[in-house]
Amino acid sequence: MAELSTVLNDGLGNSKIYGINEPYFYFGAWRTTFAWHTEDLNLPAINFLHYGKPKFWYSIGRHDGHLLEEVVKKYMNDSFAKCAEHMRHKTTLINPYILKKLCPEITIHKQIQREGEFIINFPGCYHAGFNWGFNIAEAVNFGVHKWLDVFPKCGVCQCQENNVNINPVEFYKNLITKNPKMKSSPVSKGLRGYIKDNLGENLERIHEQIEARYLAITNNEMYNKAMFGGRKMIRYQLYTENELPDAETDQTNSSCEAKNSLMKSQKIKEVKKISVIKITKANSNRKSPRIVTNNRKN
């Protein structure tokens, strides 16, 4: 999923944020949940279950999303008073059956995701769910043409660190650098209108700047930073049973890497020791994967 080529990656240029345009791994356990939320900037998302027990999903279409928000505001008004984008905190859990009783007109869909299956979350759709046991899933966001009209108007939580935000002007510059036809395409009409009318930018001057820069600089310097915030990364390496490295050797290597990292960057305050997690599946002839995690702050 790291190779998805969409307008999201075109507009972000060289910006990389894990879980947004770089895949993020999720490790589930029995009865662990994910709260009601939409994706950052109301992006669509794709989720693939690599291994393990199923995930159970509940979803609400974007046209009924305001009904969920009205219920939450009614019973959690203090939270919304503190932050208008409280639902983006991903801390709100409401039993779907109770939600249906509180708001009979809301439509709630449910779906089981099994190993080897994909789930697509449409733009602006609320979803929640839980895991039936240990599993490993991979997820990433992507962009579709209609999303270009949506994201400039999306609310962004300002009370939490590392919330994802996109600069519409820099995003547009990167987009037309990669796809010059987007300057006059109906696909980007809404985005162009927002930049011109709401932000007061001169589109013709932007187009002239992009053309001049395209001829003057190298590809590595061509794109602007368009996205800010995002999650911290944890590095994982997957090994088969026969490839599992010796724990003591790997700890020694990890220690050396930690010392080098501390010397290179003053931002790294501590390096966690390496841990080897053995994942076994009872009553199965399938070879269990081994996961070596190297957790460190970037």
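Computing FRET efficiency as 1/(1 + (r/R0)^6) for residue 63 and residue 111, where r is the C-beta to C-beta distance and R0 is 22 Å, gives about 0.75. Among beta bridges from DSSP that stay inside the range 6-128, the antiparallel ones total about 95%. Projecting the Cα atoms of 36, 97, 121 onto the dipole axis of the range 1-142, where Lys and Arg carry +1 and Asp and Glu carry -1 at the beta carbon, places 97 farthest toward the positive end.
Relative to the Cα centre, the charge distribution of the range 22-141, modelled as +1 at Lys and Arg Cβ and -1 at Asp and Glu Cβ, gives a dipole magnitude of about 440 debye. Each of 147, 30 was scored by other Cβ atoms within 10 Å of its Cβ. Listed from fewest to most, they are 30, 147. Counting beta carbons within 10 Å around each of 40, 64 and listing the fewest first gives the order 64, 40.
Below 8 Å, C-alpha to C-alpha, sequence gap of six or more: please give me the relative contact order for the range 22-141 in percent. Kindly include the intermediate steps, with their values, before the conclusion.
Details: 247 pairs, mean separation 73.9, N = 120.
Here the relative contact order equals 62 percent.
Where a number appears in this text, it was derived from the coordinates with a stated rule and is not lab data. Quick caveat, the model's predicted, so the values are computed rather than measured. Here Cβ is always computed from backbone atoms with ideal geometry, including for glycine, and neighbour counts include all displayed protein chains.
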